[in-house]
Amino acid sequence: MPKIENLNQPISNLVFTGKNNLWLSTIWGVIYNYNADTNELYKLNGPYQRNGQNILLTKDSMGHLWVATELQGLYRYNPIQKKFTLFNEFGKKGSANHPMYITLFTDKSGIIWAGTDGDGLFKINPSNETISVYTHNETNIFSISNNTIHYINEDSHGNKWIITKKGELNILPNSDSQIEYFNGLQHNTPTRILCSFKATDNSLWIGTDGKGLNRVLPDGTKIHYGNQEKGNDFFA
């Protein structure tokens with residue numbers, strides 16, 4: 001076990017980026033690389049400060065090491081070039097604000113999933129470096145139930161199993177379907193749909209239980225008819 005000042009360090013993660021190339025992180029914020037061919041162990045010095053923060057590790061299909069810190073962001077490390085790349089999740093160049101990462105996972109297709117404490121679930125495609133963010137949306141019953149993600153895993157069908165705060169289990173299906181929650185209301189407030197009709201002008205009419213009549217025009221414009229509206233949108 002690695003030591004600092006002759007003290008043992010509890011290991012947090014173990015990752016192989018090659019048959020005999022092992023990386024390990026500790027709960028004190030240190031990363032080590034062990035080469036079984038040479039029986040050598042050395043410490044990896046990253047651009048982040050140690051600060052006793054827990055370091056999470058995973059790898060992608062290209063042999064890169066992914067490093068998630070609690071306080072200083074998400075990094076990709078290229079062992080060949082010995083180069084760190086910071087992934088700025090909020091799109092603000094040079095921003096010092098980062099989520100607090102508490103879990104890290106690579107799925108079978110090579111996608112990186114990173115769970116945070118309060119900032120949702122991040123999906124990173126290492127091939128094109130795109131980032132998607134899943135967060136809780138009170139108006140969408142199909143969004144994740146909480147923005148704090150404690151655990152991520154995958155079943156044999158590629159579905160993602162996600163445990164959020166308070167032990168709630170969310171399943172993200174492995175599907176190419178683009179079906180989304182939709183009711184025609186301007187703010188997509190969850191409501192019960194009673195009927196729908198497509199008119200000859202290609203607009204969609206949606207009748208709800210208690211939220212009036214909604215019309216969606218071909219260009220996406222939404223019109224709500226109800227007893228709280230005025231003018232042409234009013235009916236008793």
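The values are calculated or read from the model by the stated rules, or taken from the named source; none is laboratory data. Every value quoted in this text rests on a predicted model; they were computed, and no experiment measured them. Note: ideal-geometry Cβ built from the backbone for every residue, glycine included; neighbour counts use all protein chains shown. Accessible surface is based on the protein model in full, side chains and every heavy atom, while ligands, DNA and RNA are left aside. Shrake-Rupley method; radii C 1.70, N 1.55, O 1.52, S 1.80 Å.
Things to note:
- Taken over the range 136-153, residues that are closer than 14 Å to Ile171 by Cα and out of contact with any Pro (no Cβ under 6 Å at 6 or more places or on another chain) amount to 11.
- Looking across the range 183-226 at every residue that is at pLDDT below 80 and open to solvent by 100 Å² or more (accessible area, probe 1.4 Å), the one that is farthest from His136 (Cα to Cα) is identified as Arg192.
- Scanning the range 39-60 for residues that are surrounded by 12 or more Cβ atoms within 10 Å (Cβ to Cβ) and either charged (D, E, K, R) or touching a residue at least 60 places away in the same chain (Cβ under 8 Å) (or both) returns Arg50, Lys59, Asp60.
- Subset of the range 1-38 that is open to solvent by less than 30 Å² (accessible area, probe 1.4 Å) and in a loop (DSSP other than H, G, I, E, B) - its residue that is modelled with the highest pLDDT: Val30
- Looking only at the range 155-182, and only at residues there that are within 19 Å of Glu138 (Cβ to Cβ) and surrounded by fewer than 12 Cβ atoms within 10 Å (Cβ to Cβ), the one that is modelled with the highest pLDDT: Lys166
- Selection status of Gly46, at pLDDT below 80, of a type in the set (Gly, Ala, Ser) and either in a loop (DSSP other than H, G, I, E, B) or more than 20 Å from Pro99 (Cα to Cα) (or both): no
- His98 vs. criteria within 19 Å of Pro47 (Cβ to Cβ), buried (at least 18 other Cβ atoms within 10 Å of the Cβ) and modelled with pLDDT under 85: yes
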